[in-house]
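Let me begin by presenting the structure, written as structure tokens, before commenting on it.
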Amino acid sequence: MGAWLITGSHSLFSEMVHSMADTLNQLILAWGVHQSIKRPDPDHPYGYSNMRYVSSLISGVGIFCFGTGLSVYHGIKGLLSPQEIQSLYWAYCALGGALLTEGGTLVVAINVLKRKAKLAGVSFVDYVLRGDDPNVNVVLLEDTAAVVGIGVAGLCLAITSYTGSPTADAIGSLVIGGLLGMVATFIIYTNTNALVGRSIPPGRQDKICKELENDVVIRAIHDVKATDLGGSMVRFKAEVDFDGRSITQSYLDMVDLDVLLKDLQKIGKVEELEAFMVKHGENIIDRLGIEIDRIEAELKKRHPEVRHVDLEVL
């Protein structure tokens with residue numbers, strides 16, 4: 001801010017606005033992270049993990065309205081009412097210091113996202129485009145825009161210094177505003193997609209489905225919905241066609257068939273047959289519940305990101 005007040009540069013004003021927006025956004029993102037780790041409650045049974053996307057969306061809207069709007073406004077004002085720029089020395093000092101700080105956080109954000117992309121088994125670009133980690137994504141994009149913006153501001157100030165015309169400086173403010181607008185649009189787009197219920201990558205979903213279909217008690221699965229809940233958590237829902245023969249055989253393996261045969265031979269009335277069928281029918285249904293619990297536990301063990309599993313019996 002001091003460099004802008006001294007020089008009156010429109011490009012520096014845009015960078016000052018960007019820095020202020022960055023500071024405010026960090027507070028918003030920190031609030032989102034704090035809210036996202038709250039435990040589930042009766043009103044929010046799946047937890048608050050989406051608050052990270054909400055805070056990132058607010059951040060994107062703030063960048064667009066505050067950063068882009070003011071930068072473009074000052075750029076247009078500079079073109080319509082050009083003013084001579086003073087004390088470029090302090091302008092370059094401010095840009096150099098900003099480059100060091102913004103560049104450092106950018107390197108940290110890139111390293112974090114590279115590590116997470118490797119763990120997720122996807123490329124760095126795909127991980128960023130999907131917005132799987134919205135908070136780090138915002139930091140990455142903001143810092144990238146800041147570093148590029150610093151370069152634009154420095155170039156425009158150099159042109160202004162060489163030509164003596166403040167037009168290049170005003171154009172720099174417009175370019176920085178456009179850059180912030182693109183970043184904000186991408187942040188808003190990716191976080192909106194996540195909030196409306198985004199599916200996990202097809203490859204991961206197909207792998208889970210194949211594992212389920214290979215289970216001995218499952219014939220087929222239908223209407224699969226695997227939704228990213230945010231915070232590396234997934235909800236998996238599917239309609240399952242269970243193999244009744246396998247379920248029944250699983251139950252029979254647990255009972256004494258000689259005793260079962262004797263009980264069956266003692267049946268002489270319809271009421272006794274009905275009681276026999278009700279007793280063992282209930283036991284078979286209980287066995288189905290045990291198998292579902294086993295399948296869900298194995299699925300969560302193989303895929304720790306799957307926190308909620310809903311298997312509906314066809």
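Miscellaneous remarks
- Positive-end residue, the chain charge dipole about Cα centroid, Cβ charges, pick of His44, Ala120, Val224: Ala120
- Dipole of the range 221-314 computed with +1 at Lys/Arg Cβ and -1 at Asp/Glu Cβ about the Cα centre; of Met277, Leu260, Leu299, farthest Cα towards the positive end is Leu299.
- Between Leu129 and Ala30, the contour length at 0.36 nm per residue exceeds the alpha carbon distance by 33.5 nm.
- Cα centroid separation, the range 200-240 to the range 103-167 (Å): 35
- Kyte-Doolittle at least -1.0, axis length at least 30 Å by Cα - qualifying DSSP helices, the chain: 10-36, 88-120, 134-163, 167-195, 270-302
- In the structure shown, the pairs Lys38/Lys116; Lys207/Lys300; Lys116/Lys210; Lys210/Lys300; Lys38/Lys237; Lys207/Lys237 are assessed against 18 Å; a Cα-Cα span above that value is assigned to Lys38/Lys116; Lys116/Lys210; Lys38/Lys237.
- Note on the range 151-223: along the principal axes its Cα atoms extend 80, 20, 9 Å, ordered by decreasing extent.
- Selected from Asn214, Met182, Leu195, residue furthest toward positive end of dipole (the range 166-225; charges at beta carbon): Asn214
- Using the Cβ-Cβ distance between Lys225 and Leu314 with R0 set to 22 Å, the FRET efficiency from 1/(1 + (r/R0)^6) comes to roughly 0.90.
- Label zone at Val255 (point 7 Å along Cα-to-Cβ), backbone N below 17 Å, the range 272-299: 272-291
- Averaged per residue, the range 144-279 has 54 square angstrom of accessible surface, using a 1.4 angstrom probe with ligands and nucleic acids left out.
- Most mobile of Ser71, Ser246, Ser59 in a GNM of the chain (Cα contacts under 10 Å): Ser246
- Gaussian network model of the chain, Cα within-10 Å springs - most flexible of Val112, Val259, Val217: Val259
- Projected label distance in nm at Thr192 and Glu213, using a 7 Å step from Cα toward the beta-carbon: 3.5
- Proximal lysines relative to Lys269, as straight alpha-carbon distance under 21 Å, when same-chain residues fewer than 8 apart are discounted: Lys279
- Per atom type, the chain shows carbon and sulfur on 64% of its accessible surface, probed at 1.4 Å.
- Each DSSP beta bridge with both residues in the chain is either parallel or antiparallel, and the antiparallel ones are about 60%.
The values are calculated or read from the model by the stated rules, or taken from the named source; none is laboratory data. Just so it is clear, the model here is predicted, and its values are computed rather than measured. Here the Cβ is made from the backbone with ideal geometry for all residues, glycine too, and neighbour counts use every protein chain on show. Heavy atoms of the whole protein, side chains included, go into the accessibility calculation; ligands, DNA and RNA do not. Shrake-Rupley method; radii C 1.70, N 1.55, O 1.52, S 1.80 Å.
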